[in-house]
Structure formats: structure tokens, C-alpha cells
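Structure first, commentary second.
The values are calculated or read from the model by the stated rules, or taken from the named source; none is laboratory data. If you're wondering where the values come from, they're calculated on a predicted model, not measured in any experiment. When we count neighbours, we look across all protein chains shown, and the Cβ atoms used for this are built from the backbone with ideal geometry, even at glycine.
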Amino acid sequence: MSSSLKVAVIGVGALGVHHARIYQQLQQTDLFAVVDIREDRAREVAAKYGCTAYTDFHDVLDKVQAVSLAVPTEQHACIGVDCLKAGLDLLVEKPIASSLEQAGHLLEAAVRNNRVLRVGQSERFNPALRAVLPFLTQPLFFEAHRLGVFVARSLDIDVVLDLMIHDLDLVLRLSRSRVSEVRAVGIPVLTPRIDIANARLEFENGCVANITASRVSREKVRKFRFFQPNDYISLDFFKQEVEMYSLVDAGPGKKVEERSLSITKGEPLRLEIESFVRASAGESGGSVDFSACSGEQGAEALALALKILEAARR
């Protein structure tokens, strides 16, 4: 880039502070400001990363070129639309919004103002997933477990929108098919909302997915497995490790062989932000970043998550 992209982070809680950290580290960006309604928090993060603190996001709209939005989900649309209307590119944390109507407002604003809109599905950038994509053929069965230790964050949404949506997004992307049936169960444990949920999805091409998410586990688990003709692939997103076993020719017969995949480990959020910065700077060079989650894809994942919540509440 000929000059640094001037950016702001709106919402510097548990996740937004990492956006600020990464922007401050990147040579391609100038972290101009952080915004948080808690003035002490904004000042604390601004002092740490050498930028200006604000409590009202309107005050930065004419001072930056791009924004990361990491506020509570209910506020994504109202703040995000104003950012897009002001001519700013936007990276909004998942889920894109709390309703499809609100997601539509963001999509419309991005198109009308010709701005970049990305959704923070950072697991797409996990090096473990990137390592297996070249071997993807036609998955027939997915099994995902995403378990987290309870923390007092993202309690404005159910675990389906908080955690499961990562795996829903991946299954939608990898299955290459539409969902034909949704079955789900979910229960509240420590909050009035659903804290643990399981969904069984069937796809038009015959693929099946069994997905579990919990925010009341004693340990962090982020495992994702799938089966396809001749292959079993198991990913540990937390450790960024992959196990792959394939049925291969062995003389007159066949045998199961473990395959070694090369993985260059890295921070998924940093890789995601770097991709957003390149898009904002118009540096795609004509190529498509298949890891990036567009606004439309973010809305698709939200639609599936809402169907799961509806099924779980019956």
C-alpha cells in the first residue's frame, strides 16, 4: 500500500481489544482510535496501543477509512449501517446481526455505498482448515464439538449465535449444498438463554452434520471432523492440528494410510484482519480470498442459526 489504512475499533471488550492489538501491530494500518461506551475502558486500551479514545462512534466516522465492529450483536446493524453510509469499510464480528432484517440493512448499505463488508468468521482462516481445503472432495458426514468455559461475555445471545455459528458457517461452506432439514435441542444452564445445544442437519445432496456447542464446559474444545469417499479428516482448531486417513492403492489391494499435512500455524484473527485490510485497500489483484466471509455468507449462517434456535425452542 502506498499509505497506511486509517482504522478504528468500535467496542474494545474481550474480542475488540484483540482487533486493536493487531491493527497496532500491522505495518499496513494506522490504528487511529478505539471507541467504547465505557470511558475508562476506551482510555485504557487507547493508552496501551497509542491511539485516541472515544465514547461516541459518531466522532470517528469522518476520521478513518475502515472500522472493526465488536459491540453486542443487537447493535451491529444500527452502528454498522452508519459506518457504511459514512463511506467506511466494515469488518463486523459474528453473527452479522441479531435478525435477518437487520442483516439486510447492512447488506443494502454496503451495496448502496460501494463499501467492503466482511463478517468475522475467523475460523475460516484457521491454518488447520486451510491445510485440508486442497483435499476436499464431497463430504458426507460432519461432526463438530465446540465447547467453551463459561465467561460473562456474549450473554446477549444464545450459544448457537455465540459459538455454534462458527461450525454452521464451515458446514455451509464445505458441504456445497443447501440444508433440507433441521433438528435441534437446546437448554439453558447458567443463563436464561440456551447455553448448550445440538443440531442435526441434512442437506439436499445427502450430507449430514451433527453439531454440538456449549459454553458451560470445564475445558475448551474446538474439534471438527468429516468423512468423504476414501478419507477421514479430523481437525483440532484450538491446537491447529490435523489427522487425515485415506484409503489408497497398495499392490493388489488397498490400505488405510495416514497422510501428513503441512501446517503453518498462525493467529486466525490476524489473518482475517490482514485479508480485510487488503480488501479495503483494493489489493485483491483480481484474485478471490475464499477464506473471507462476505456479508451475504454471514447472513446465510445467521439464517441457519435462527432456524436451529426455532427448532430447539419447540
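Laid out as a table, the results:
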| item | result |
| --- | --- |
| Selected residue (only one of 130, 112, 118 is over 16 Å from residue 35 (Cα atoms), crowded, with 22+ Cβ neighbours inside 10 Å and not hydroxyl-bearing (Ser, Thr, Tyr)) | 118 |
| Residues of the range 181-202 satisfying the condition of being outside any loop (DSSP other than H, G, I, E, B) and not small (Gly, Ala, Ser) | 181, 182, 183, 185, 187, 196, 198, 200, 201, 202 |
| Any chance residue 205 is in a loop (DSSP other than H, G, I, E, B), at pLDDT 95 or above and surrounded by fewer than 23 Cβ atoms within 10 Å (Cβ to Cβ) | yes |
| Entirely in the range 1-116, the helices (runs of 4 or more DSSP H) that have 1 or more residues that are touching a Gly at 6+ places or on another chain (Cβ under 8 Å) and modelled with pLDDT of 95 or more | 16-25, 39-49, 100-112 |
| Selected residue [of a type in the set (A, V, I, L, M), touching an Asp or Glu at 6+ places or on another chain (Cβ under 8 Å), within 28 Å of residue 99 (Cβ to Cβ) and in a helix (DSSP H, G or I)] from 172, 147 | 172 |
| Count of residues meeting criterion [in contact with a strand residue (DSSP E or B) (Cβ under 6 Å, 6 or more places away or on another chain), aliphatic (A, V, I, L, M) and assigned to a strand (DSSP E or B)] in the range 233-272 | 7 |
| Candidates 241, 274, 300, filtered to the one that is acidic (Asp, Glu), surrounded by 14 or more Cβ atoms within 10 Å (Cβ to Cβ), under 29 Å from residue 188 (Cα atoms) and in contact with a helix residue (DSSP H, G or I) (Cβ under 9 Å, 6 or more places away or on another chain) | 300 |
| In the range 211-230, residue surrounded by the most Cβ atoms within 10 Å (Cβ to Cβ) [restricted to those that are more than 19 Å from the chain's Cα centre (by Cα) and not in a loop (DSSP other than H, G, I, E, B)] | 226 |
| Among the residues listed as 263, 211, 196, 187, the single one being under 14 Å from residue 126 (Cα atoms) and aliphatic (A, V, I, L, M) | 263 |
| Options 151, 160, 171; residue that is within 16 Å of residue 291 (Cα to Cα) and of a type in the set (Val, Ile, Thr) | 171 |
| Cross-chain or 6+ apart pairs with Cβ under 7 Å, the range 114-143 first and among the acidic types (Asp, Glu), then at pLDDT 95 or above | 123/129; 123/166; 123/170; 123/237; 123/268; 143/210; 143/225 |
